[in-house]
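Here the structure comes first, spelled out in structure tokens, and everything after it is commentary.
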Amino acid sequence: MKRLTIVSLLPLLLAGCYSVSDYKGDGTLVDHGHRFVTNKYTLTLGHIDLTRAQELHFRMSGLPRREFVAGVKLDPVDCSLASSEIRITIDVRVARGPVVIHEDHALRELVWTRNEHDRCNPLFGYVRGAATELPDRNGNVRMQPIITGADGGQGSYFHSRESASYDVTIGIQPDAQAPSGSHHAKIIVDDNGPVP
């Protein structure tokens with residue numbers, strides 16, 4: 001009887017395993033290993049020139065069931081662009097379906113994570129999204145995200161579904177004050193952990 005129970009659980013265990021080879025979209029999905037609760041996966045969709053008006057289109061399909069956040073990663077030499085008026089549009093939609101994320105902001109309005117040892121090295125810029133403060137009986141406050149799109153979309157966060165395909169559009173409107181020459185950023189979709 002025990003043997004039957006173990007064998008019958010095996011398909012459930014195998015079904016819970018995700019492999020980056022399941023990803024079929026644009027760019028490169030990297031698995032950083034099982035020791036990471038957040039930032040386990042990083043999807044690099046491509047590069048975009050922040051000083052040239054343009055719009056790039058990507059497809060994501062077969063992502064693991066996680067909360068992801070879409071944004072840009074600046075090159076350290078372009079640190080000053082994090083406080084610029086260059087506008088970025090991040091638009092994610094379920095293929096042939098509803099809007100998941102639609103954000104349009106100046107780079108200076110993004111939230112920038114930074115390397116603790118180098119304050120002039122913005123690692124990643126994203127949109128946090130709005131939230132409501134919910135006080136509890138003990139006087140503490142927790143933040144409840146305000147969902148604005150399908151698949152838990154809020155700010156540039158969303159909850160991916162393995163069965164879903166997503167269309168991603170990244171647009172840039174340069175700032176006349178931006179430095180001359182080309183200044184590229186990586187378009188990143190970063191793992192924020194298991195879906196709550």
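Just subtract the alpha-carbon distance of His102 and Asp136 from 0.36 nm times their residue separation and send over the number in nm, one decimal. Display every interim value, and only then the final one.
Values: separation 34, 0.36 × 34 = 12.24 nm, distance 3.15 nm.
Gain in length upon complete extension: 9.1 nm.
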Residue-normalised value, i.e. accessible area per residue, for the chain at 1.4 Å probe, in Å², stands at 58 Å²
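In the chain, how many lysine pairs have Cα atoms under 27 Å apart, counting only pairs 8 or more places apart or on different chains?
Lysine pairs satisfying the spacing and distance rule in the chain number 6.
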Mind listing the phi-derived Karplus ³J(HN,Hα) values for segment 185-196, rounded to whole Hz, using 6.51, -1.76 and 1.60 with θ = phi - 60°, and x for any glycine or proline?
10, 8, 8, 10, 10, 9, 6, 10, x, x, 5, x
Cα→Cβ-extended label distance, 7 Å offset, between Ile147 and Arg128, nm:
2.2 nm
Taking only Cα atoms and a 10 Å spring cutoff, compute GNM fluctuations for the chain and point out the largest among Ser21, Ser156, Ser180.
Ser180
The chain - Rg (one decimal) and Dmax (whole number), Cα, Å
19.0, 73
Projecting the Cα atoms of Phe124, Ser180, Pro145 onto the charge dipole of the chain, where Lys and Arg contribute +1 and Asp and Glu -1 at Cβ, the residue farthest towards the positive end is Pro145
Accessible-area composition of segment 136-188, carbon plus sulfur, in percent [1.4 Å probe]
46 percent
Cysteines, the chain, no other Cys beta-carbon under 4.7 Å:
Cys17
Förster-model FRET efficiency, 22 Å R0, His32 and Ser61, C-beta, rounded to 0.05:
0.60
Fraction of alpha-carbon pairs over 24 Å apart in segment 89-179 - percent
38 percent
Loop-located GluC sites (Glu not before Pro) in segment 95-138, at most 16 other Cβ atoms within 10 Å (DSSP):
Glu116
Express the relative contact order of segment 125-193 as a whole percentage, based on alpha carbon pairs under 8 Å and six or more residues apart in sequence.
22 percent
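Local charge sum around Ser165 (other residues, Cβ-Cβ under 9 Å, Lys/Arg +1, Asp/Glu -1)?
On the way: positive: Lys24, Arg59, Arg96; negative: Asp167.
With Lys, Arg at +1 and Asp, Glu at -1, the neighbours total +2.
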What is the Å³ per residue value for the convex hull set by the Cα atoms of segment 138-196?
182 Å³
Which is the longest run of the chain containing none of the trypsin sites (Lys or Arg not before Pro) found in DSSP loop states (not H, G, I, E, B) with at most 10 other C-beta atoms within 10 Å?
36-95
Helix axis angle, 2-15 relative to the chain longest principal axis, alpha carbon, degrees
20 degrees
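The values are calculated or read from the model by the stated rules, or taken from the named source; none is laboratory data. Please read these numbers as outputs of a predicted model, since none were measured by experiment. Using ideal geometry, Cβ is built from the backbone for each residue, glycine included, and neighbour counts are taken over all protein chains shown. These area figures cover heavy atoms from the full protein model, side chains too; ligands, DNA and RNA do not enter into them. Shrake-Rupley method; radii C 1.70, N 1.55, O 1.52, S 1.80 Å.
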